[in-house]
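For reference, the structure is listed below as structure tokens.
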Amino acid sequence: MKSAEKFEYSAENKKKYDHLLTRYDDVESALLPALHLAQDQNGYISESVMKYLSELMNIPVVKISEVVSFYDMFYNHPVGKNIIQVCTNITCSMFGGRELFQDLCRQFGAGQLKPVNNNKYMFQKMECLGACEQAPCMRVNNDYHGKLNLDEAIRIIKELD
Amino acid sequence: MSENLKANFEKYALLSYHHIPEVHKIDIYESAGGYVSMHKAFKMGPDKIKEEVKESGLRGRGGAGFPCGTKWGFFSKDRKQKKYLLCNADESEPGTFKDRYLVEKNPHILIEGMIISAFALGVDKAYIYIRGEFYQQAKILENAIEEAYAKKYLGKNILGSDFDLDITVHRGAGAYICGEETGMISSLEGKKGQPKLKPPFPAIKGYRGLPTMVNNVETLSAVPWIVNFGGKSYRQWGTEKSPGTKLFSISGDVFRPGVIEVPLGISLKEIIDNHCHGVSGSRILKAVIPGGSSAPILTAEEAMEVTMDYEAIAAKGSMLGSGAIIVLNSTRNIGEILKWTLEFYHHESCGQCTPCREGTGWLDSILKRKLFHKSKLDDVDLMDQVASNMRGTTICALSDAAAMPTQGIIKKFRKELETYISTQGNN
């Protein structure tokens with residue numbers, strides 16, 4: 001985790017950022033994609049990320065901070081290498097989504113948004129993930145896994161790098 | 001080419017291509033009958049397209065059910081004026097997963113629908129706002145858009161005309177409120193996704209203060225069929241006031257959950273019994289949430305007699321919403337269902353309006369105080385009163401969306417809710 005270091009986009013991401021700007025009619029509109037890009041690179045939106053984007057995009061740090069804190073998928077604190085999101089909305093809860101979340105936390109000694117196992121994992125209780133037909137469902141990094149029981153969920157998580 | 005590699009336009013307007021392997025690839029989509037409507041639309045011209053859409057009676061499929069043709073009619077007709085098309089792919093209403101199912105298999109039906117719609121509306125820049133969780137689906141759409149650029153269906157001078165169009169996929173970052181059209185616009189502008197007062201409506205003053213047409217994925221994806229076969233033919237399906245087909249996302253206690261496309265006006269009984277193979281678990285139906293978590297609950301009796309169109313569900317005091325059906329069998333505890341619902345709205349209130357920020361918090365806390373042995377006998381009345389004060393008092397509909405299911409459950413399952421509340425502690 002390069003949290004304390006000064007952040008800047010990698011050459012590849014700077015190129016992606018420049019391309020982003022061509023897709024919008026003003027710089028502010030590119031903020032969400034610019035944050036996604038920065039988070040992909042840095043793991044989370046640290047103060048130095050905000051400072052960097054503030055200078056790059058000419059948006060006050062406080063406005064960026066406000067946006068980061070508003071959305072569940074932006075993190076303003078260090079995260080685990082793998083983010084495991086468990087849905088606890090209506091249908092998933094009907095099929096044990098809440099118990100799944102609690103049991104996984106217990107199994108890995110984790111809590112909501114607290115990285116564990118040398119920052120290998122971080123668990124997040126989520127609202128509807130839009131995959132109710134697969135209840136209970138879990139999103140691991142960018143992939144969905146459905147119709148899970150605890151053993152399967154543990155197996156999927158333990159297979160992660 | 002074998003018949004099963006051709007689109008099935010007789011039965012479906014939206015899932016016409018879903019049986020075709022790898023239809024996400026532009027060549028396969030095209031050889032199955034895709035992009036024919038786009039070519040046709042460019043020959044028809046903008047006015048004729050708008051006429052067909054109006055004639056079809058297609059209603060907004062995101063939840064509100066407002067006639068698409070009428071909404072398009074409010075939009076500036078000045079083709080030189082800068083304006084935007086914004087496709088709502090946020091799909092955040094609990095219970096809903098139809099747009100995901102549609103675009104992850106067939107992204108081109110949406111892109112074709114957007115090209116036709118943008119051409120009709122005189123828009124040269126369009127965005128697909130997709131919820132952040134749908135990362136893979138965003139990639140699928142981006143790849144499909146790239147294919148469309150390569151074929152020159154996007155970019156400058158499309159099909160040799162003077163019409164240009166760029167489509168960009170814009171990922172959200174986990175916020176229910178961004179599915180509300182003005183919240184979505186705030187989010188696209190790089191801000192917190194807080195809704196804005198209407199009027200002015202986005203069609204007049206939207207993204208960056210300019211006219212913006214916001215349409216749901218399913219609405220835009222119905223446009224190619226309508227252009228291809230005519231607005232009148234679209235009315236072969238559905239009812240007089242709710243024409244056409246609709247995608248329904250069905251989850252909960254059924255043997256076969258998933259997405260189906262059926263004519264509006266079909267009975268809920270037929271959906272549950274035939275399409276979903278019946279109620280699972282206890283096999284006894286208790287209740288149905290018919291249109292996403294915001295829709296007031298239907299008792300088993302009501303569910304067995306209702307038809308799935310905008311009017312019939314409204315007549316039962318609920319709403320069709322996004323077409324998200326959550327089926328509950330007789331073992332389900334109504335208090336728990338309400339608890340999960342209220343926790344959601346409390347978490348997702350954007351905090352802008354006091355009745356919503358405080359109201360969603362209080363509803364959630366009142367129902368949960370049984371955990372601390374603090375429930376009171378009149379808590380149900382208190383919740384009813386709090387919910388009443390949340391109705392129609394805020395900028396957007398989230399407050400109502402929390403109040404409506406609460407009052408629905410109080411009205412229809414009061415006894416059970418009272419028992420739930422009076423059973424102190426965590427049961």
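The values are calculated or read from the model by the stated rules, or taken from the named source; none is laboratory data. Values in this document were obtained by computation on a predicted structure and should not be read as measured data. Backbone-built Cβ (ideal geometry, glycine too); neighbour counts: all protein chains shown.
What to note about this one:
- Screening B:Leu320 with (1) in a helix (DSSP H, G or I); (2) of a type in the set (A, V, I, L, M, F, W, C); (3) touching a strand residue (DSSP E or B) at 6+ places or on another chain (Cβ under 9 Å) gives one miss only, at (1).
- Helices (runs of 4 or more DSSP H) (entirely within the stretch A:36-127) containing at least 2 residues that are out of contact with any Asp or Glu (no Cβ under 8 Å at 6 or more places or on another chain) and under 30 Å from B:Ile250 (Cβ atoms): A:90-94, A:97-108
- Members of the stretch B:278-300 that are part of a loop (DSSP other than H, G, I, E, B) and in contact with a helix residue (DSSP H, G or I) (Cβ under 6 Å, 6 or more places away or on another chain): B:Pro290, B:Ser293, B:Ser294, B:Pro296, B:Ile297
- Under the condition of being part of a helix (DSSP H, G or I), more than 25 Å from the chain's Cα centre (by Cα) and either on the phi > 0 side of the Ramachandran plot or modelled with pLDDT of 95 or more (or both), the residues counted in the stretch B:1-32 number 5.
- In the stretch A:66-106, residue farthest from B:Lys192 (Cα to Cα) [restricted to those that are more than 11 Å from chain B (Cβ to nearest Cβ) and among the polar types (S, T, N, Q)]: A:Gln102
- Checking each residue in the stretch B:335-392 for being surrounded by fewer than 22 Cβ atoms within 10 Å (Cβ to Cβ), not aliphatic (A, V, I, L, M) and not in a helix (DSSP H, G or I) picks out B:Gly351, B:Gln352, B:Cys353, B:His373, B:Lys374, B:Ser375, B:Lys376, B:Asp378, B:Arg391, B:Gly392.
- Residue selection: B:Gly351 satisfies the criterion of being farther than 23 Å from B:Gly291 by Cβ and within 11 Å of chain A (Cβ to nearest Cβ).
- Condition broken by A:Gly109, with the remaining ones in (1) within 14 Å of another protein chain (Cβ to nearest Cβ); (2) at pLDDT 95 or above satisfied: (1)
- Residue in the stretch B:20-33 that is assigned by TED's automatic domain parsing to the domain that holds B:Ile111, acidic (Asp, Glu) and over 25 Å from B:Leu121 (Cα atoms) present: yes
- Take the conditions (1) of a type outside the set (Val, Ile, Thr); (2) assigned by TED's automatic domain parsing to the domain that holds B:Val53; (3) under 18 Å from the mean Cα position of the chain (by Cα); B:Pro199 misses just one of them, which is (3).
- Taking the numbered list (1) part of a loop (DSSP other than H, G, I, E, B); (2) surrounded by 20 or more Cβ atoms within 10 Å (Cβ to Cβ) in turn, B:Arg332 passes all entries but (2).
- Total residues in the stretch B:140-177, condition in contact with a strand residue (DSSP E or B) (Cβ under 7 Å, 6 or more places away or on another chain) and either β-branched (Val, Ile, Thr) or closer than 30 Å to A:Ser69 by Cβ (or both): 10
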